[in-house]
Amino acid sequence: DVKVTQSSRYLVKRTGEKVFLECVQDMDHENMFWYRQDPGLGLRLIYFSYDVKMKEKGDIPEGYSVSREKKERFSLILESASTNQTSMYLCASSHSSPHSTDTQYFGPGTRLTVL
Amino acid sequence: DQQVKQNSPSLSVQEGRISILNCDYTNSMFDYFLWYKKYPAEGPTFLISISSIKDKNEDGRFTVFLNKSAKHLSLHIVPSQPGDSAVYFCAASALGNQFYFGTGTSLTVIP
């Protein structure tokens, strides 16, 4: 079974803090993704990576950065958290590269609240 | 602008009856479509897919229909079971590029 894990299920941070969200997959997938899910907006792609040290912007990259130093780990960084970044963050991974129509496997999500 | 739309935020169905969840898209280049199911406090899980060369794909109780001319796909669940109660997302991609997700439909199956 594919397993995608996220470092925290719930996180509360203050405005201006630097926030790290970690994601690890154990299936040797090339592609990894970060989405945010908001009511009425569905899932929106923030960043994705199709190889180590490679990254591409999704639809809403502003205010975020990512890091992929190892194949199994993909980190999302909020350099200076703001209240409009309060959301559910979902990490996903899939096979194939550089872009994929393969099924994406999701982690359980991190609910981030920025006060 | 939302390229994939699920216009019904919620749907209630009696156990044993058919559930029909709808999804519309605007980009005629989309050629691959997925449905995901999401329970509260869990990540979405893959349910069923269809490529644009087909108009129907079936997997057990789940069938996805694709109408390319109408830019519309639907997910049929027959018979519906209480365990099917979840939020369902459709997603579409074009030429192997990123997936675009709909806003989700919350299905409640009433025992």
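The strands (runs of 3 or more DSSP E) located wholly in region A:1-86 that include 2 or more residues which are open to solvent by 40 Å² or more (accessible area, probe 1.4 Å) and in contact (Cβ under 8 Å) with a residue 40 or more places away in the chain occupy A:10-13, A:19-25. The set of residues from region B:51-62 being part of a strand (DSSP E or B) and within 14 Å of chain A (Cβ to nearest Cβ) comprises B:S51, B:N57, B:D59. Among the residues of region B:6-45, the ones that are part of a strand (DSSP E or B), modelled with pLDDT of 95 or more and open to solvent by 40 Å² or more (accessible area, probe 1.4 Å) come to 7 in all. The residues of region B:55-72 include none that are of a type in the set (G, A, S) and surrounded by 14 or more Cβ atoms within 10 Å (Cβ to Cβ).
Every residue, every condition in (1) closer than 25 Å to A:M32 by Cα; (2) within 14 Å of chain A (Cβ to nearest Cβ), yes or no:
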| position | (1), (2) |
| --- | --- |
| B:C23 | no, yes |
| B:L34 | yes, yes |
| B:P44 | yes, yes |
| B:P79 | no, no |
| B:A91 | yes, yes |
| B:T103 | yes, yes |
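Mind checking whether some residue in region B:63-76 is more than 13 Å from chain A (Cβ to nearest Cβ), part of a loop (DSSP other than H, G, I, E, B), charged (D, E, K, R) and touching an Asp or Glu at 6+ places or on another chain (Cβ under 7 Å)? So far as region B:63-76 goes, yes, one or more of its residues are more than 13 Å from chain A (Cβ to nearest Cβ), part of a loop (DSSP other than H, G, I, E, B), charged (D, E, K, R) and touching an Asp or Glu at 6+ places or on another chain (Cβ under 7 Å).
Among the residues of region A:87-99, those identified as open to solvent by less than 10 Å² (accessible area, probe 1.4 Å) and either without any contact (Cβ under 8 Å) to a residue 24 or more places away in the chain or not aromatic (F, W, Y) (or both) are A:S87, A:L90, A:C91, A:A92, A:S93, A:S94. Evaluation of B:I48 against the conditions (1) exposed (fewer than 15 other Cβ atoms within 10 Å of the Cβ); (2) within 14 Å of chain A (Cβ to nearest Cβ); (3) part of a strand (DSSP E or B) shows that the sole unmet condition is (1).
The values are calculated or read from the model by the stated rules, or taken from the named source; none is laboratory data. As the structure is a computational prediction, the values presented were derived from the model and not from experiment. FYI the Cβ positions are ideal-geometry reconstructions off the backbone, even for glycines, and counts take in every protein chain you see. These accessible areas exclude ligands, DNA and RNA; they are computed on the full protein's heavy atoms, side chains included. Shrake-Rupley method; radii C 1.70, N 1.55, O 1.52, S 1.80 Å.
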